[in-house]
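Below is one structure, written out as structure tokens, with a few remarks after it.
Quick note: the coordinates plus some simple rules give every number you see, no bench work behind them. Small disclaimer: the values here were computed from a predicted structure and weren't measured. Here the Cβ positions follow ideal geometry from the backbone for every residue, glycine too, while neighbour counts run over all protein chains shown.
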Amino acid sequence: MLGNKLDTLLAVAEQQSFTKAADLLALTQPAVSHHISLLEEELKVTIFIRGKSGLKLTPEGEIVVTYAKRLKAIYKNLQTELINVQKNVTNLRIGITHTSESNMTIETLADCSNKNKELRITLITDTIKNLYTMLENYEIDLAIVDGPINSTKFRSLMLGTDYLVCVMSNNNPKARHAMVSLDELKTERMILRLPTSETRKLFESTLQSINESIDNFNINLEVDNIATIKDLVRKDLGVSILPKSACMDEIRKGKITALPIENLSMVRETKIIYNKDFHYLDILQEITKTYQEMTSK
């Protein structure tokens, strides 16, 4: 239906080479060049120019490739929807952040899928920035993210609220306190998420709001994986700042301690983001209801 010119375009954009794209697609190099020429003639733009390291997209080419990805994803969605109707199933691709991998989100989605035998869920984990891009290109149906929506192109539904806490080993003397102060926190070895993570950004921005700096803390390790951080904390190799929801299982089982930080309020919202033409609103309500039930236990 879409023809093979889009596949050729995307292969050339990815490989930055007509020859490599030809090998990938099992075509001749002249055939690949012809496909690109036809597209450029049809759209009346130049898509590629030659750079020092290979082919580069022109500004117009960037737009063409973006929409080509979107068209391919929409066509794939069409095929999936037709199969789903025939089989009476709903297949959702849901994008989540690395933080969501470690909180109640995955458990909620699994519970929804178990209760609704016609619902099948595929999870994709990536950064918030990439999830927004995939959502805009219809490569995913939903994204579950923290913080404000960065575009008016989408709609959102509040899933729940969460807040950051200081997590530490049960063997840490401060674990017996009701809270931890900033001065006490400055004496601890800290294991934090990467500076690009939303958790780290919220912690730093909250410190700045009270004229405090992250530079005044002893950060001896930065780790992207939350499960790894929790394991290191449990072994008393440092303390960390994490969303409480990401630590609920360990807290309930008495593996680690989570304390509020004096004078810091680090609340954040978790939202389900979706395109305006998303029509499975009953499933959104089901996910939200299940999440609220599980987090209230």
Q | Residues whose placed amide H lies under 5 Å from that of residue 92, excluding near-sequence neighbours | A | 120, 121, 122
Q. If you take the square roots of the eigenvalues of the alpha-carbon gyration tensor of segment 161-268 and sort them as a ≥ b ≥ c, do you get rounded (a/c under 1.5), prolate (a/b over b/c) or oblate?
A. rounded
Q: Calculate, in nm to one decimal, what residue 224 and residue 176 gain on full extension: separation in residues at 0.36 nm each, minus their alpha carbon distance.
A: 14.5 nm
Q) Hey, what D do you get for segment 76-209 in µm²/s if you plug the Kirkwood alpha-carbon radius into Stokes-Einstein at 4 °C and 1.567 mPa s? A) 73 µm²/s
Q | Size of electric dipole in segment 161-268: Cβ of Lys, Arg +1 and of Asp, Glu -1, about Cα centre, debye, nearest 20 | A | 420 debye
Q | Simple Cβ-charge dipole of the chain, Lys/Arg +1 and Asp/Glu -1, about Cα centre, in debye nearest 20 | A | 340 debye
Q) Cα axis of helix 5-15 to longest principal axis of the chain: angle in degrees, 0 to 90, nearest 10? A) 50 degrees
Q. Using only Cα atoms, what Kirkwood radius does segment 168-226 have, in angstroms?
A. 12.5 Å
Q: With everything on Cα atoms, drop me the angle between helix 198-209 and the longest principal axis of the chain, reported from 0 to 90° to the nearest 10.
A: 60 degrees
Q. Which FRET efficiency value, to the nearest 0.05, do you get for residue 211 and residue 251 by plugging their Cβ-Cβ distance into 1/(1 + (r/R0)^6) with R0 = 35 Å?
A. 0.65
Q) Excluding same-chain residues fewer than 8 positions from residue 129, which aspartates and glutamates have a Cα within less than 16 Å of its Cα? A) 139, 141, 146, 198, 224
Q: Could you tell me which of the pairs 76/153; 20/72; 186/253; 44/72; 117/289 are separated by over 24 angstrom between their Cα atoms in the structure shown?
A: 186/253
Q. Once the piece of chain linking residue 58 and residue 44 is laid out straight, how much longer is it, given 0.36 nm per residue of separation minus the C-alpha distance between them?
A. 3.8 nm
Q | Helix-only [θ]222 nm of the chain, DSSP H runs n ≥ 4, -39500 (n - 2.57) each, per residue, nearest 500 | A | -13500 deg cm²/dmol
(Q) I'm a student and want to see the number: the projected area of the Cα convex hull of segment 5-61, averaged over all directions, in nm². (A) 3.4 nm²
Q | the chain - Rg (one decimal) and Dmax (whole number), Cα, Å | A | 23.7, 72
Q.
Nearest 10 degrees is fine. How inclined is helix 281-295 to the longest principal axis of the chain, computing both from alpha carbons?
A. 20 degrees
(Q) Give me the extension gain from residue 186 to residue 282: residue separation times 0.36 nm, minus the current Cα-Cα distance, reported in nm with one decimal. (A) 29.8 nm
(Q) Compute for segment 81-156: radius of gyration divided by Kirkwood radius, i.e. Rg/Rh, restricted to C-alpha atoms, rounded to two decimals. (A) 0.99
Q: Provide the per-residue ³J(HN,Hα) series for segment 235-248, in order, calculated from phi with Karplus coefficients 6.51, -1.76, 1.60 and θ = phi - 60°, each as a whole number of Hz, with x at glycine and proline positions.
A: 7, 6, 9, x, 10, 9, 10, 9, x, 4, 4, 6, 10, 4
